[in-house]
Amino acid sequence: MHILEPLAKSHDREGFDCGSQPLNLFLRHTARQHGERGISRTFVLVEENAAPPKPILGYFALNLCQIKAESLTPDEARKLPRDVAGVRLGRLAVATTFQRQGLGKTLLIAAMEKFLEIFHSAGGIGLFVDAKDEAAAHSDEQFGFVRLPSNRLELFLPVRTIQTALASPHG
């Protein structure tokens, strides 16, 4: 069984390889520093009973963000103040040996759940992501993300979409 944990020293960051050097390097060299400095929080998926150093199956990083309402679609921007708060899904990666097994979806659902925790404490209009390329943007759209008119590689998942998705039995 897999469990989600905040990134800690007990996790094997050096052994993680998702096939993308920038994502590997972020996890190895930057994620813990960002966590300690309050820049972002990284969560890792590990086997429940793994002994340290625990192999990382996948991870995601979240940080708070501020968005100009005018950068949203007209429907989303309606009745919002000029600047609105949200949460950015800064990174999401699955180890190569575990890709194509549904762990990316598992991590995205976990990120949505973390967003709702933040939403209930502090608000926020949704989850934002910067797609690395057109293929990634298309993949994000399959999960309900909407492209922002101001930047076609920046996508947005509104809070109501997250609430609906997590309330459904298929999650």
Worksheet item: Any idea which of Ser71, Leu23, Thr42 is furthest toward the positive side of the dipole for the chain, if Lys and Arg beta-carbons carry +1 and Asp and Glu beta-carbons -1?
Response: Ser71
Worksheet entry | Residue pairs, from the table Lys9/Lys105; Lys79/Lys132; Lys79/Lys114, whose Cα atoms sit over 28 Å apart | Lys79/Lys132
Practice prompt. For the stretch 56-99 and the stretch 12-33, compute the distance between their C-alpha centroids and round to whole Å.
Written response: 20
Discussion item. Relative contact order of the chain, please, whole-number percent, based on alpha carbon pairs below 8 angstrom and at least 6 residues apart.
Written reply: 18
Worksheet, complete the sentence: Treating only Lys and Arg (+1) and Asp and Glu (-1) as charged, each at its beta carbon, one finds that the chain has a dipole about its Cα centre, in Debye to the nearest 20, of 300
Worksheet item: So, by mean Cβ neighbours within 10 angstrom, what's the order for 2-14, 81-93 with the highest one leading?
Response: 81-93, 2-14
Discussion item. Placing +1 on the Cβ of each Lys and Arg and -1 on the Cβ of each Asp and Glu in the chain, which of Leu116, Ser10, Gln101 has its Cα farthest towards the positive end of the resulting dipole?
Written reply: Leu116
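Each value in this text was obtained by applying a stated rule to the coordinates, not by laboratory testing. As the structure is a computational prediction, the values presented were derived from the model and not from experiment. Note that each Cβ is placed from the backbone with ideal geometry, even for glycine, and that neighbours are counted across all protein chains shown.
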